[in-house]
Amino acid sequence: MSYLGIIGTSRSGGQTAQLVREVFNDLDDGQIIDLNALNIGYFDYDYGNQSDDFLPVAQMMMRAETIVLASPVYWYTMSAQMKAFIDRFNDLTGPYKPLGKRLAGKRLYLVATGGQPTVPKSFDQPFVDLANYFDMRWGGMLYQQVRSENADINANSEILDFAQAVKSPIDLREAMLSI
């Protein structure tokens with residue numbers, strides 16, 4: 001698997017999930033998982049929830065070259081499902097640090113939906129910081145405004161361009177070296 005999409009939203013069939021599926025339509029070797037279908041406990045300082053689904057998802061991330069996280073904007077930030085999942089990355093700095101080190105070099109993207117015309121300025125910063133902490137390559141974010149709870153997401157040029165960027169990323173550091 002080259003691409004792994006991880007959806008964290010209260011509505012598994014909502015616009016955020018639709019948007020990720022549109023992005024993944026053109027990605028041949030991809031898999032999407034929905035955090036709602038999994039049992040991922042909150043971070044525990046004693047690491048007492050190691051039998052839940054976080055470690056299997058972490059192992060799936062290690063097999064992917066590119067990880068696409070997806071969350072709607074809820075009160076200027078990520079969903080509770082995505083926040084609980086990201087909090088569990090602490091496990092990858094503690095007892096599973098060797099696993100966490102294997103995130104280095106992987107690409108991380110973000111897909112988000114919300115009701116406002118633009119995404120809040122601070123929304124993507126925790127994801128950028130996550131990428132930087134684990135020495136991943138931040139690929140960017142696709143944000144789509146949705147005006148109605150029941151509106152369908154349809155492929156448009158912005159979605160297609162983002163999918164192409166995920167599929168054929170340009171490493172700006174490598175591009176600068178070749179000039």
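Laid out as a table, the results:
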{"quantity": "Subset of segment 25-35 [surrounded by 15 or more Cβ atoms within 10 Å (Cβ to Cβ) and either under 18 Å from residue 11 (Cβ atoms) or of a type in the set (Asp, Glu) (or both)]", "calculated": "32, 33, 34, 35"}
{"quantity": "Helices (runs of 4 or more DSSP H) within segment 43-156 that include 3 or more residues touching a strand residue (DSSP E or B) at 6+ places or on another chain (Cβ under 8 Å)", "calculated": "54-63, 80-87, 125-133"}
{"quantity": "From the options 122, 148, residue that is of a type in the set (Gly, Ala, Ser) and modelled with pLDDT under 90", "calculated": "148"}
{"quantity": "Leading residue by the ranking (surrounded by the fewest Cβ atoms within 10 Å (Cβ to Cβ)) among those in segment 1-24 that are more than 12 Å from the chain's Cα centre (by Cα) and part of a loop (DSSP other than H, G, I, E, B)", "calculated": "13"}
{"quantity": "Unique residue being of a type in the set (Val, Ile, Thr), modelled with pLDDT of 95 or more and over 30 Å from residue 157 (Cβ atoms) when the list is 73, 57, 111, 68", "calculated": "57"}
{"quantity": "Qualifying residue in segment 94-111 (condition: of a type in the set (Gly, Ala, Ser) and in contact (Cβ under 8 Å) with a residue 60 or more places away in the chain)", "calculated": "no"}
{"quantity": "Segment 116-132, residues that are surrounded by 12 or more Cβ atoms within 10 Å (Cβ to Cβ) and touching a residue at least 12 places away in the same chain (Cβ under 8 Å)", "calculated": "119, 120, 123, 124, 126, 127, 130, 131"}
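The values are calculated or read from the model by the stated rules, or taken from the named source; none is laboratory data. Note that the coordinates shown come from a computational prediction; the quantities given were computed from them, not determined experimentally. Positions of Cβ are generated from backbone atoms using ideal geometry, with glycine treated the same way; all protein chains shown enter the neighbour counts.
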